[in-house]
Amino acid sequence: MLRLRDVDRMLILTTTALVATGLIMVYSTSYIMAMKKYGSEYFFVKKQFIFILIGFLFFIIASKIDYHFYQRWVYPLLLASFALLLVLAFIPGVGNEVGGARRWLKLGPLTFQPSEPAKLAVIMYLAYYLSTKKEKIKTFSRGFLPPIIMSGLFIALILKQPDFGTALSLGAIAIILMFIAGVRLRHIFSLVVFAMPFLYLMVSRVDYRMKRMLTFLDPWKDSDGAGFQLVQSLIGFGAGGIWGVGLGSGKQKLFYLPEAHTDFILSVIGEELGLIGISSLVVLYLIVLFCGVRIALKAEDLFGQYLAIGITLLILLQAVVNMAVVMALLPTKGLTLPFISYGGTSLVVNMIGMGILLNIYKTENRR
Amino acid sequence: MKKMKENTSWLRFRIFIVLVSFIFVFIAIFIRAFQLQVLERDKLKALADRAHLKAVSIIPKRGTIYDRGMRELAVSTEVESVYAQPAKIENIKKTSGLLASALSIDRKELESKFTSKKSFVWVKRQLDFAEGEQIQRLNIQGIGFVKEGRRFYPNPQIAGHIIGFVGVDSKGLEGVELEYEEYMAGASARLIGERDAHGNEILFDSTDKDASKGMNLILTIDKTIQYIAEKELFKAVSNNKAKGGMVVVMDPSTGEILAMANAPHFKPNNFYEYSNPSIWRNKVVTDAFEPGSTFKTFLVAAAFEEGVAKPNDLFFCEEGSYGVADRVFHDVKKFGWLSLAQIIKHSSNIGAAKIGNRLGKDRFYRYINDFGFGAKTGIDLPGESSGSIPHLRGWSNVALGNISFGQGISVTGIQLISAFSAIANHGYLMRPYIVKEIVDGNGNIVKEFRPEVIRKVVSEETARKVTAILKEVTKTDGTGIKASIDGFDVAGKTGTAQKPDLFQGGYVSGKYISSFVGFVPADNPELVILVIIDEPSVGEFYGGVVAAPVFKEIATHGLAYRGVFPRGTHDTIKPLQVNLSSIDFREDEHEDFYRMPDLKGKTVRSVLRLAREIPLEVKVFGSGRAAYQRPLPGERITQDTLAEVWFK
């Protein structure tokens, strides 16, 4: 029997359930499109399956490496991921441009999204930095400024791609981690007040971001144009009802819903598996949340605590933002649903994160 | 140390705040999902339907209908339908001209279709093979093809009223095609329009063809017996210059309908050519009529069961005229004292009225209902009528007399044969049915229909006594002598009913319904056959003269076909092999072979039975259920084929 105290087994089971759901839904959402564009209905699902295998490999490796290893290697890791972002940002030709954004590095036949490991590296850095400062954390120059500058550098590079969603979520992770570590609230508030005009400028300057902002408030106003995606997403939820129309029978993915297998996969889950499916998914994420928090509370040192919280935030923040976006509770961002959406880099990075969580748990239990 | 502890609890508190915030966010997400999926569901669903209806529905491949020996009665073939995307047509005039002449449709009509603002229009659906080839060769821009199912009945003469037909949209309109529409139709496939970057619509067939195929039906009907029944019925109707007629053949022990024929008949391939739609009705189940003397059978059964009369009880038949209240009953011949058995044998109405009197209305009424009259039998065919039995309160003494010989009530053909089968089946009333199995495209059984006992109406003892009396009917000087068959005991009853005058009351003179219903061999019944001839207009009109010979012909051929031998001829005569190719089918020129049925999962017994029906020689290996067979299902077989079946 699975007991509530068996956090490790719960974590493994939940992760497996999430990626399995993801695999099935990637197939359901992509097979028709894949058939048409690539001549094989298994085009995406095959790749996703390989990503999952790689992900589990990394999951196992990460769970075996004592997490204090990252404490020692935090700066090299940070530097490496920063370098990757730099290469992507400034060296032309190495990036894979999709829809005007350069988010992928080409590595032979593979593509790779440097912002994903960068998020993990920044979390490790923050956990390390914040855990070593103890009392000085309350000061402005030693406790507040350095982590802000470091995260800001990464955020700036990610914004340059541009990837507004990832940049914002990294900013949010940094702020929440700093709050937990005890950085003075007044510093954090002043930072938010300070950032507001910049945020506004960034949104209003770029035409499509402004549009996204506005359509989310009333997607029906322009349901054929800017609100199209969102309206189609909402229709998908509505069509599903409580029980859903059945796996594979959804209609919205048939070209009504662009990017059904990535950003809007939740809408297809809503259509095919209904409120029951959505609720089950919410429960799975809640289990991840509880496991993460539990591991953090019991971790043997501050570094472990912050790292566990950071990783939990990495997954949960992205999950709730994606869910909120496809249900038109938040303006559209290019964020995927962790473990569920199609995509290799984020899956592997999230699996590494889960592996690290597991290791923190095991270390604490060895005592 | 104290400070440290304080720090830790603050840390815990802050983590707790984050945790609680996340829980609130998840609750908000759940509420939003609930709002979208439950509260606003109808609004959103309506929008979804509207968007999807823009997609074009195409007709899926309908399931096949087989007879009990897996011989095809209705098939669907995939044919091309041609559509146009007007925006892509370069030269509307030229394109319409080409298509109009190739498909013999009006050019003006096409032109106006092509100039419309629609993104998709059908040019012509379900083309002939030649038309399809021709248009495809033309290869015109903006013209596309999609495969649709089209119904075809390979034996257009046979079983039209059972099978029914489908309309232009391939929806079942009559018969089992209508009754089993939901199983046979298949999922409606769709063409979806996709907008590419330039705003053009691209059509894309989104459906899985195999998944959308309809399921197949296997009927209880035996094509050969059906053929025999139809042939004999049509012959009798034409010889007697009758208005119409019907024949039903049933397996009394199961309630399976082996044949069901209506005259006049129609050809389902050309159903629309018949100006009077009432011809499509399967009158065996939809129309009720006064049964006449055949009904005396149930009176006698009730009297025996209640113990109010014995076969040798004598009744005075009043020398042919008997006054009850203000009415006078007549017999065709004048009779004095007759035993109950003789009353049935000679079909005396006065005798029947006296038996009815002895039984009493309450009991008679109860048995009428128990035999299934006045209620639908539940047969799986559309439009069944329940006939009408006057309510007990309305039964005067005259009515009791009338009903005793089958007047003043109305019954359907299917009720009559089902009730009669109960006598043949040791008193058990079975539910009649026409579909044995529903099978999906891969041969898996989706639904299986089994014999179903409705109730036990009379005891075995009573059934045996009634059978003994019915056997007398077909012997020397019985009314049904013309139904007798050499080497068999036939149990049956004749009927000759005047047709009621619906406008003036009373009966129309000179218009009769002549009937015979019986089973054979009487002591181990294989077949129950009902023959009704409506308004014979030349020569005699008595059931014993008009209908009984039809029974005899069908029974003789039917028994031989089923391999039931006459007395004393065991092993000396081979069963008559009714080879369909030797019969003149006219429109049926391809019927010189059979296809091997799928035997998988069947028992040894049912395989042997099936083999006897085809007929086919079978070698059996092992026991249990059929696992492997040679030839494979669907392969051509002849009567010389030796099939091998392995059981596990």
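See the values below:
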quantity	calculated
Residues within the range B:289-336 that are charged (D, E, K, R), in a strand (DSSP E or B) and touching a strand residue (DSSP E or B) at 6+ places or on another chain (Cβ under 6 Å), tallied	0
Qualifying positions in the range A:40-49 - more than 14 Å from chain B (Cβ to nearest Cβ) and more than 15 Å from residue A:343 (Cβ to Cβ)	A:40, A:42
Residue within the range B:171-189 that is touching a residue at least 24 places away in the same chain (Cβ under 8 Å), closer than 30 Å to residue B:109 by Cα and out of contact with any strand residue (DSSP E or B) (no Cβ under 7 Å at 6 or more places or on another chain) present	no
Positions within the range A:174-189 being more than 10 Å from every other protein chain (Cβ to nearest Cβ) and either under 11 Å from residue B:18 (Cα atoms) or among the aromatic types (Phe, Trp, Tyr) (or both), in sequence order	A:189
Residue B:162, sole failed condition from (1) surrounded by 20 or more Cβ atoms within 10 Å (Cβ to Cβ); (2) modelled with pLDDT under 85	(2)
Test: residue in the range A:21-41 that is part of a helix (DSSP H, G or I), exposed (fewer than 13 other Cβ atoms within 10 Å of the Cβ) and not β-branched (Val, Ile, Thr)	yes
Per-region count, the range B:621-645, residues at pLDDT 70 or above and under 10 Å from residue B:599 (Cβ atoms)	7
Residue count, the range A:233-279 (criterion: more than 8 Å from every other protein chain (Cβ to nearest Cβ) and without any contact (Cβ under 8 Å) to a residue 60 or more places away in the chain)	13
Checklist (1) assigned to a loop (DSSP other than H, G, I, E, B); (2) touching a residue at least 40 places away in the same chain (Cβ under 8 Å); (3) closer than 22 Å to residue B:509 by Cα applied to residue B:532, failing item	(1)
Strands (runs of 3 or more DSSP E) completely within the range B:374-458 that count 1 or more residues being surrounded by 16 or more Cβ atoms within 10 Å (Cβ to Cβ)	B:428-430, B:435-439, B:453-456
Conditions (1) over 23 Å from residue B:40 (Cβ atoms); (2) part of a loop (DSSP other than H, G, I, E, B); (3) within 14 Å of chain B (Cβ to nearest Cβ): number failed by residue A:330	(1)
Answer residue from the range A:256-285, given it is of a type in the set (Asp, Glu) and at pLDDT below 90 and is surrounded by the most Cβ atoms within 10 Å (Cβ to Cβ) among those	A:263
Test: residue in the range B:503-521 that is free of Cβ contacts under 8 Å to residues at least 60 places away in the same chain, under 24 Å from residue B:344 (Cβ atoms) and part of a loop (DSSP other than H, G, I, E, B)	yes
Residues that are surrounded by fewer than 24 Cβ atoms within 10 Å (Cβ to Cβ), facing chain B (nearest Cβ under 9 Å) and touching a residue at least 60 places away in the same chain (Cβ under 8 Å), drawn from the range A:286-312	A:302
Long-range neighbours under 6 Å by Cβ, at least six apart or interchain, first residue in contact (Cβ under 8 Å) with a residue 12 or more places away in the chain and not assigned by TED's automatic domain parsing to the domain that holds residue B:315 within the range B:279-304, second assigned to a loop (DSSP other than H, G, I, E, B) and among the polar types (S, T, N, Q)	none
Options B:266, B:298: the member that is crowded, with 23+ Cβ neighbours inside 10 Å and more than 26 Å from residue B:437 (Cβ to Cβ)	B:298
Where residue A:162 falls short, out of the listed (1) outside any helix (DSSP H, G or I); (2) of a type outside the set (A, V, I, L, M, F, W, C); (3) within 14 Å of chain B (Cβ to nearest Cβ)	(3)
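The values are calculated or read from the model by the stated rules, or taken from the named source; none is laboratory data. The structure displayed is predicted, hence computed values, not measured ones. Note: ideal-geometry Cβ built from the backbone for every residue, glycine included; neighbour counts use all protein chains shown.
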